[in-house]
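Colleague: Before we start, here is the structure in question, set down as structure tokens.
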Amino acid sequence: MRDWRKEKVSFAVFGMPGTFWIFAFFTFPLVLIWIYSFCTSDELGQVVWEPFWSNLSLDAYSRALEWINLGIIWKSVWSGAVATVICLVMGFPLAMAIAFAPARWKNPLLLLVVLPFWTNLLIPNLRLDRHPAEQGVREHFSGVDLQSDHGVFECDRK
């Protein structure tokens, strides 16, 4: 294994895409939401930006401490804690069983763990032909017209 201290250029090249991804899709939106939390809104609920520094307010944080919002926050924390306990109770013994399983059983057991994630990815992709528009996304790019009449699919090349 190579030492990253000796090959800083390759480390930087391989580290940049992940760093960009985290900044672009996690850090930047989080900072933007944090800035929004100090802004005020107009009568239509739109954020008032101009001048930005004169409209800063802690109203959102004071509203968060109202009883109805505290109840919502408590329900969110409680459901998160219950989900965490369920995942630990189910996941840790399963991980231990896979780790100590014979070598010929490890791959099939890991497949049973990963398969639900694949179906979660597959189902939205298969639903592209049922797009609410007149013609679905997949139909548009493939040139195949999938019309549903009484549960029967007809394929007509355009």
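The values are calculated or read from the model by the stated rules, or taken from the named source; none is laboratory data. The structure displayed is predicted, hence computed values, not measured ones. Neighbour counts are summed over all protein chains in view; Cβ atoms, including those assigned to glycine, are modelled from backbone coordinates with ideal geometry.
Colleague: Out of curiosity, is Tyr36 hydroxyl-bearing (Ser, Thr, Tyr), surrounded by 10 or more Cβ atoms within 10 Å (Cβ to Cβ), in contact (Cβ under 8 Å) with a residue 24 or more places away in the chain and part of a helix (DSSP H, G or I)? Give the steps one after another, and end with the answer.
Modeller: On the way: hydroxyl-bearing (Ser, Thr, Tyr): yes; surrounded by 10 or more Cβ atoms within 10 Å (Cβ to Cβ): yes; in contact (Cβ under 8 Å) with a residue 24 or more places away in the chain: no; part of a helix (DSSP H, G or I): yes.
The answer is no for Tyr36.
Colleague: Just wondering, is there one or more residues in the stretch 67-74 that are aliphatic (A, V, I, L, M), more than 30 Å from Cys39 (Cβ to Cβ), out of contact with any helix residue (DSSP H, G or I) (no Cβ under 8 Å at 6 or more places or on another chain) and surrounded by 10 or more Cβ atoms within 10 Å (Cβ to Cβ)?
Modeller: Initial filter on the stretch 67-74 (aliphatic (A, V, I, L, M)): 68, 70, 72-73.
Filter again for more than 30 Å from Cys39 (Cβ to Cβ), leaving none.
No; the residues of the stretch 67-74 include none that is aliphatic (A, V, I, L, M), more than 30 Å from Cys39 (Cβ to Cβ), out of contact with any helix residue (DSSP H, G or I) (no Cβ under 8 Å at 6 or more places or on another chain) and surrounded by 10 or more Cβ atoms within 10 Å (Cβ to Cβ).
Colleague: If you don't mind, another one. Any residue at all in the stretch 89-97 that's in a helix (DSSP H, G or I), at pLDDT below 80 and surrounded by 11 or more Cβ atoms within 10 Å (Cβ to Cβ)? Quick ask: steps written out before the conclusion?
Modeller: Step one: list which residues in the stretch 89-97 are in a helix (DSSP H, G or I), which gives 89-97.
Filter once more, keeping what is at pLDDT below 80: none.
Looking for residues that are in a helix (DSSP H, G or I), at pLDDT below 80 and surrounded by 11 or more Cβ atoms within 10 Å (Cβ to Cβ), one finds none in the stretch 89-97, hence no.
Colleague: Do we find a residue being small (Gly, Ala, Ser), more than 30 Å from Ser62 (Cβ to Cβ), under 22 Å from the mean Cα position of the chain (by Cα) and loosely packed, with under 12 Cβ neighbours inside 10 Å anywhere in the stretch 1-14?
Modeller: Our first condition is that a residue be small (Gly, Ala, Ser); within the stretch 1-14, this holds for 10, 12.
With the extra rule that they be more than 30 Å from Ser62 (Cβ to Cβ), the set shrinks to 10, 12.
The next check asks that each one be under 22 Å from the mean Cα position of the chain (by Cα); those that pass are none.
No - not one qualifying residue is present in the stretch 1-14.
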